[in-house]
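Data first, discussion second: the structure below is written as structure tokens.
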Amino acid sequence: MFKKLKTIIVISYVVVTVLFFTSFSFITYKVFFDYTTREISEARLTGVNESMSRISSFITSVKDSGIYFVTNRNAIRILSNNDLTTYESIVEQRTLTELMNNIASFKKGIHSIELFTDRYDDSPAVAGAQIFSTKLLYEEPWFHLMEHNQNGWIPKHESPTSSHNFVSYFHQLRNQRGDMVGYIKVNVLADRFFESMYDVNFAGSMDEPLILIDSNYRIIGQTNTKEAHGILDKVIIYEEDEKYGRLHESYSQYFNYYDMLEEGNKNYMLVISKPNEDYWRLVHLVPIDSLYSETKKLGMYIFLLGIVFLILLIPIAYLVGKSLLNPINKLIYGMQQVENGNFEVRVEPHYIEEYKTMATNFNNMTYQLDKSLKDLKRENRAKREAEIRTLQNQIVPHFLYNTLDMIHWRALDYQAEDISSMVIQLSKMYRIGLSGGQSFIPLRDELEHVKCYVQLQEARLKTEIKYEVRVPATIKDVFVPKIILQPFVENSLKHGYPRDCREAIYICISARREENNLLIEVVDHGVGLPANWNDERKLGIGIKNIQERIMLYCGTEYGVILKGDEGKGTIVEMKLPIIENRDGLKNI
């Protein structure tokens, strides 16, 4: 049993439609095919003969343009002169170019007229002149066909002087003494060769190949390539030693003729016109399918019967549609409940696979939404409680600052300057650590916080601490999470050196900028890390807190790495993003 909605609908309609239209089409095909084919074939043949007549007129027009130039007395006189000066050469080129342009402008469809001669090879070229050296023709594949002929037509080819594809009339050019001095080439754009013969774009108006054949059965031009129509392989052949196609020998002797051809599952009508005075012919291939577009009467009958068929299908479509819409209506009701805030609504799965998938996805969505809202409420409640605790804790610093300030002044009264200094350092540490509730502070303040801690520890331990800072002034204003350096310095003092150490304790903090990252190192010369050290298990609570805060604020690609061998000191490497100002904190 089919469970997919698309399968059920397609099979239901296809079975009914195919049964009806197959029987109807079979009857109409037998009745109208023979009659339509015969009538349209005669009409197409007449049309092709008329087209060939117009093509002949166009060909004659182009040909006359070339003959006019080669017989022009002024042109012949110019090309008969010898011993040219540079000035005379330029004047001649301009005169000939003007003559060619005038001829081309008076003939519709002619793109350009070109003169090929060696006469001006040693003379400067004139801008815009359509005069070229004969040497350009020697490498052209069509030149060997035309070199020894007085005149002729060149099939579709790429122009040696431009990027256009032309169909051209070619004619030898001789001077008054009968010496051959060059060639004249009248160009028509290949893509518009057939269009040039009509008032409308005939080649683009229908998908039917047109092929113009000369007296040697060569293809002069065509409207479609054989890649577009595989049927052309049965009409056109290409010899291995020839670049240009020819009419297949099986059709070379036919004229005023039509026949039916088959290519795959498609049928075509081949129409060959009468030859013109030069024995040129026009070949037309017409897809049979397009011939039936004019059978309006048959189409009307089919349309009326289709209307009746559709009327009969309305009750069936209604019943089928109603049964298929019930699950959708239930899904819509569920969506309305979600819109009203009820995220606990669920839709019962349907036996049709698509509806079952929709219901399952809908139920999963409402479950996730309900869970997300509950989690969000829980987070908001925790956030409010944290804000309340923060407000409560703000009371304590004020009291602490005032108390420390009082101790400072009392110590000065008793001239206990060392106690006063320690109180000042402790007060600074508290102020920087609290930072008005900010999570990020400038690196400058973070370094000051460590400095205060080191001075307090130096006073407590009575041991010299060599504390060194190597941080360029250009990055001291970069913002970093607060209290990320002091825990590592504390670890160095606490675990990096023995309690009875008599030598100076060395701690160095350095920072540098690398692309868009800030790299900070805390280095000591203490006992280092044991051989079995494991970051995951042996990090203290403070260091874990720093790692978690960095990853939470900045991303998982940032964090802390501890390195060092036993007895060779410890290196803490910290990677942070570059945050230039407080505006950059908005993206955190």
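Descriptive notes on the structure:
- Accessible area (Å², 1.4 Å probe, nearest 10) - Val478: 0
- Ranked by how many other beta carbons lie within 10 Å on average, peptides 66-78, 323-335 from highest: 66-78, 323-335
- Maximal additional length on extending the His144-Ser439 stretch stands at 97.6 nm, based on 0.36 nm per residue less the C-alpha distance.
- Ranked packing of 424-430, 216-222, most packed first, by mean Cβ within 10 Å: 216-222, 424-430
- For Val469 and Asn532, a Förster radius of 35 Å and the Cβ-Cβ distance give a FRET efficiency of 0.60, rounded to the nearest 0.05.
- Phi-derived couplings, Karplus 6.51 cos²θ - 1.76 cosθ + 1.60 at θ = phi - 60°, listed residue by residue for region 573-580: 9, 10, 10, 9, x, 7, 10, 6 Hz, with x used for Gly and Pro.
- For the listed peptides 44-55, 548-559, a ranking on the average number of other beta carbons within 10 Å per residue, highest first, reads 44-55, 548-559.
- Electrostatic bookkeeping for Pro442 treats Lys and Arg as +1 and Asp and Glu as -1; over the other residues with beta carbon under 9 Å from its beta carbon, the sum is -1.
- Computed from backbone phi, the HN-Hα couplings of region 45-56 come to 4, 4, x, 5, 5, 5, 4, 5, 5, 5, 4, 4 Hz, rounded to whole numbers (Karplus: 6.51 cos²θ - 1.76 cosθ + 1.60, θ = phi - 60°; Gly and Pro given as x).
- Net length gained if the chain between Glu339 and Asn380 were fully extended (0.36 nm per residue, minus Cα distance): 12.5 nm
- In this simple spin-label model, placing a label point 7 Å from the Cα along the Cα-to-Cβ direction at both Tyr254 and Asn364 gives a separation of 6.3 nm.
- Residue-span extension gain [Arg549 to Ile332] - 0.36 nm each, minus C-alpha spacing: 73.6 nm
The values are calculated or read from the model by the stated rules, or taken from the named source; none is laboratory data. Remember, it's a predicted structure, so these values are computed and weren't measured experimentally. Methodologically, a virtual Cβ is constructed for each residue, glycine included, from the backbone with ideal geometry; neighbour enumeration extends over all protein chains shown. For accessibility, only protein heavy atoms count, side chains too; no ligands or nucleic acids. Shrake-Rupley method; radii C 1.70, N 1.55, O 1.52, S 1.80 Å.
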